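Below: one structure, written as structure tokens.
Readers should treat all values here as calculations from the given coordinates under stated rules, not as data from a laboratory. Since the model is a prediction, treat every value here as computed from it, not as a measurement. With ideal geometry, Cβ positions are generated from the backbone for all residues, glycine too; neighbour counts draw on all protein chains shown.
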């Protein structure tokens, strides 16, 4: 995952929300964490790529 992919999914680049932007904290926590780990090349308990 590139920084641009992460921002497109979780942020609101140019004022246009990504698909995960509207999730509440409980709905998006695990997915956000796994995407962040993938972005930073961090180890997780289960391989995601």
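Counting every Cα pair in the chain, what percent are over 18 Å apart? More than 18 Å apart: 30 percent of the Cα pairs in the chain.
Taken along the Cα-to-beta-carbon direction at a fixed 7 Å, the label points for residue 34 and residue 16 span 2.6 nm. Compared with the dominant Cα axis of the chain, that is its longest principal axis, helix 25-40 is turned about 60°. Our estimate of slack between residue 43 and residue 23, defined as 0.36 nm per intervening residue step minus the Cα-Cα distance, is 4.7 nm.
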